[in-house]
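First up is the structure itself, then whatever we jot down about it.
The values are calculated or read from the model by the stated rules, or taken from the named source; none is laboratory data. Keep in mind the model is a prediction, meaning the values are calculated, not measured. Note that each Cβ is placed from the backbone with ideal geometry, even for glycine, and that neighbours are counted across all protein chains shown. Note: accessible area is taken over every heavy atom of the protein model, side chains too, but ligands, DNA and RNA are not part of it. Shrake-Rupley method; radii C 1.70, N 1.55, O 1.52, S 1.80 Å.
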Amino acid sequence: MSPDELKALVRTVPDFPAQGIQFRDITTLISHGEGFAACVGHLAAAARAGGAEAIAGMEARGFIFGAAVAVELGIGFVPVRKPGKLPIETIGIDYALEYGADRLEMDPGAVAQGQRVVLVDDLIATGGTACAAASLLRQAGAVVEHAAFVIDLPDLQGAQRLGQLDIQVDALMRFEGG
């Protein structure tokens with residue numbers, strides 16, 4: 001399936017979670033077997049072109065797409081978690097959100113020094129979480145130069161923020177206007 005055909009599988013929910021927001025719901029995409037498989041195939045091609053030796057995904061929707069891409073490529077998956085989810089010593093990074101702060105954590109042994117890791121997630125909006133994940137992976141020793149997303153919301157400039165970290169961004173589809 002083409003990216004345009006996949007885009008047609010994404011449901012838009014107006015005024016969620018707040019008035020004026022157009023929520024891009026990937027539930028309808030991942031529940032469509034052929035569409036989900038095609039989406040994973042497109043993301044895997046982008047990750048392969050980025051030299052992926054491992055795939056990292058951020059909790060929670062990044063786990064769906066990232067793990068599937070890792071399986072498609074026959075490489076490992078690195079989960080980047082919300083705080084307090086791992087029963088071992090972790091490394092973490094605090095980062096700012098539009099209205100508050102959050103934290104990501106990971107097993108520092110999940111990547112090898114110099115390993116090329118490609119970030120995979122469902123959506124890039126402001127880029128805060130993706131930038132934090134890239135910084136955390138780099139802190140663990142990974143080389144992070146590519147990221148692949150199902151959806152880009154270009155008006156929110158997250159891809160540009162990743163670009164400022166020297167990370168090339170690929171996205172299957174774009175939705176203007178957030």
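Quick grid of which residues meet (1) open to solvent by 60 Å² or more (accessible area, probe 1.4 Å); (2) over 30 Å from A37 (Cβ atoms):
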| position | (1), (2) |
| --- | --- |
| V71 | yes, no |
| G74 | yes, no |
| V78 | no, no |
| G84 | yes, yes |
| I93 | no, yes |
| Y99 | yes, yes |
| M106 | no, no |
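Within segment 82-98, track down each residue that is of a type in the set (G, A, S) and modelled with pLDDT of 95 or more.
G92
Is there a residue in segment 89-101 that is within 15 Å of the chain's Cα centre (by Cα) and not in a loop (DSSP other than H, G, I, E, B)?
no
Restricting to segment 10-35, name every residue that is in contact (Cβ under 8 Å) with a residue 24 or more places away in the chain and farther than 18 Å from I124 by Cα.
E34, G35
Within segment 1-47, take every residue that is of a type in the set (G, A, S) and closer than 20 Å to A130 by Cβ and give me the one that is surrounded by the most Cβ atoms within 10 Å (Cβ to Cβ).
A47
If L162 passes every condition in (1) in contact (Cβ under 8 Å) with a residue 12 or more places away in the chain; (2) surrounded by fewer than 19 Cβ atoms within 10 Å (Cβ to Cβ); (3) in a helix (DSSP H, G or I); (4) touching a strand residue (DSSP E or B) at 6+ places or on another chain (Cβ under 7 Å) but one, which one does it miss?
So the condition that L162 fails would be (2).
Sort through G66, G50, G57 and tell me the only one that's among the small types (G, A, S), under 18 Å from D170 (Cβ atoms), free of Cβ contacts under 8 Å to residues at least 60 places away in the same chain and surrounded by 13 or more Cβ atoms within 10 Å (Cβ to Cβ).
Result: G66 is the single residue among G66, G50, G57 that is among the small types (G, A, S), under 18 Å from D170 (Cβ atoms), free of Cβ contacts under 8 Å to residues at least 60 places away in the same chain and surrounded by 13 or more Cβ atoms within 10 Å (Cβ to Cβ).
Filter segment 13-39 down to residues that are among the β-branched types (V, I, T) and within 19 Å of G62 (Cα to Cα), then give me how many there are.
So the count comes out to 4.
Looking only at segment 116-142, how many residues end up being open to solvent by less than 40 Å² (accessible area, probe 1.4 Å) and either of a type in the set (D, E, K, R) or in a loop (DSSP other than H, G, I, E, B) (or both)?
Here the count works out to 7.
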